[in-house]
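Asker: My questions all concern the structure below.
The values are calculated or read from the model by the stated rules, or taken from the named source; none is laboratory data. Quantities reported herein were computed from a predicted structural model and do not represent experimental measurements. Every residue, glycine among them, receives a Cβ derived from its backbone with ideal geometry; neighbour counts consider all protein chains shown. Protein only, heavy atoms only, side chains kept; ligands, DNA and RNA dropped before computing areas. Shrake-Rupley method; radii C 1.70, N 1.55, O 1.52, S 1.80 Å.
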Amino acid sequence: MAMMIDERMERIEKMLRAQLKSTGHVWWIGGYVYGVTSNDSPFIILYPSAENLKEKVVRVYDHDFKKLPGFIPTDVGGGDTEANPSKEQARKKGIYHECPAFEICTYDGKDTQMGKERRFGDVLRLSRAAAEAVRGVGAPTSPAEPKQPPQRATRPSQPPPPPPSPPVDDSAAGRVQMDGLPDYEAMALDAQTFNAFDYAAFMVLKNGLYTEVEHISKTRESLIPAWRPGARSSGAMLEALRVYRDKRVAAEGRGEATAAAHAFAKKEARRTYNKAIG
């Protein structure tokens, strides 16, 4: 009986997802920008993960911040824009934030001159990298999880014992740095897939040369085409990517042509990788 109910629910879910997709209400998100209205109300603009889609998907206002994945900080005390810049405009201004992909649904709002307003509904599912990032910062309790019934308050006859210490999570996703962010370097070293490694490496190395996760992927493939994640290889690749970035930026800063700077940085990065992999 339970299996029949599960199968029926799965069919209903597939039908609803197909219907939402056909009306343009299912989106994979890959970045965001902080904004604030003229009335000082904060919002977060979500952008599609597909690189060929440049415009915003939807604005999320503060009453819906709690629905967003935990790796998106929401206590920012302001915003960077009042407008809806394109993805490229936001990147040029330095206000675009890359994030691991997650899927959302939207719904139609009021009619405007540009058509029906698109409004944020909820997060539907997380990519593997997003799930790892959420575990790293501590995911909020899902609304679908059953709530515990309230306990009747009683006055204890003596002070209660202190609560037990939480178990230590030694996994990469469980380690958190002092600033409250996931330990992305540990996540890169423990990654089991290319996507997980590339996202974590981007979060460690991003600046200047690495402005998108895609840049990490392309550089990695250029340096060591046959590379695979592993206990030693991931650390070696992370250091090689760091050396490539620093050597290339330095070479171009000296006035060398892009091709020459790339060749020099690639040679140094490969030497670093080979030495580390030993």
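Asker: Condition check: among the hydrophobic types (A, V, I, L, M, F, W, C) and touching a Leu at 6+ places or on another chain (Cβ under 7 Å). Does residue 120 satisfy that?
Answerer: Values: among the hydrophobic types (A, V, I, L, M, F, W, C): yes; touching a Leu at 6+ places or on another chain (Cβ under 7 Å): no.
When the stated conditions are applied, residue 120 does not pass them.
Asker: Next question. For the stretch 58-79, how many residues are of a type in the set (Gly, Ala, Ser) and modelled with pLDDT of 85 or more? Walk me through how you get there before you give the answer.
Answerer: Pass one, the stretch 58-79, residues of a type in the set (Gly, Ala, Ser): 70, 77-79.
If we keep only those that are modelled with pLDDT of 85 or more as well, we get 70.
The total comes to 1.
Asker: Select from the stretch 63-79 the residues that are farther than 22 Å from residue 51 by Cα, free of Cβ contacts under 8 Å to residues at least 60 places away in the same chain and surrounded by 14 or more Cβ atoms within 10 Å (Cβ to Cβ) and list them in ascending order. Don't jump to the end; show me each part of the working.
Answerer: Taking the stretch 63-79 first, the residues farther than 22 Å from residue 51 by Cα are 63-67, 70, 73-79.
When the remaining residues are screened for being free of Cβ contacts under 8 Å to residues at least 60 places away in the same chain, the result is 63-65, 67, 73-79.
Selection gives 64, 65, 67, 73, 74, 79.
Asker: Still on this model: Residues of the stretch 1-47 being of a type in the set (Val, Ile, Thr), modelled with pLDDT under 65 and within 22 Å of residue 118 (Cα to Cα), which ones?
Answerer: Filtering the stretch 1-47 down to residues of a type in the set (Val, Ile, Thr) leaves 5, 12, 23, 26, 29, 33, 36-37, 44-45.
With the extra rule that they be modelled with pLDDT under 65, the set shrinks to 5, 23.
Of everything in the stretch 1-47, just one residue is of a type in the set (Val, Ile, Thr), modelled with pLDDT under 65 and within 22 Å of residue 118 (Cα to Cα), namely 23.
Asker: Another one. Within the stretch 184-278, considering only helices (runs of 4 or more DSSP H) that don't extend past its boundaries, which have at least 3 residues that are open to solvent by less than 70 Å² (accessible area, probe 1.4 Å) and touching a residue at least 60 places away in the same chain (Cβ under 8 Å)? Show your work before the answer.
Answerer: Details: elements: 184-190, 194-205, 213-223, 233-253, 258-277.
Helices (runs of 4 or more DSSP H) meeting the threshold: 194-205.
Asker: Something else about it: Check 88, 55, 145, 103 and return the single one that is charged (D, E, K, R), surrounded by fewer than 18 Cβ atoms within 10 Å (Cβ to Cβ), assigned to a loop (DSSP other than H, G, I, E, B) and modelled with pLDDT of 90 or more.
Answerer: On the way: 88 fails: assigned to a loop (DSSP other than H, G, I, E, B); 145 fails: modelled with pLDDT of 90 or more; 103 fails: assigned to a loop (DSSP other than H, G, I, E, B).
Only one candidate passes the filter, namely 55.
Asker: Evaluate the following for residue 152: is it more than 21 Å from residue 198 (Cα to Cα), open to solvent by 30 Å² or more (accessible area, probe 1.4 Å), at pLDDT 85 or above and more than 21 Å from the chain's Cα centre (by Cα)?
Answerer: On the way: more than 21 Å from residue 198 (Cα to Cα): yes; open to solvent by 30 Å² or more (accessible area, probe 1.4 Å): yes; at pLDDT 85 or above: no; more than 21 Å from the chain's Cα centre (by Cα): yes.
No, not satisfied.
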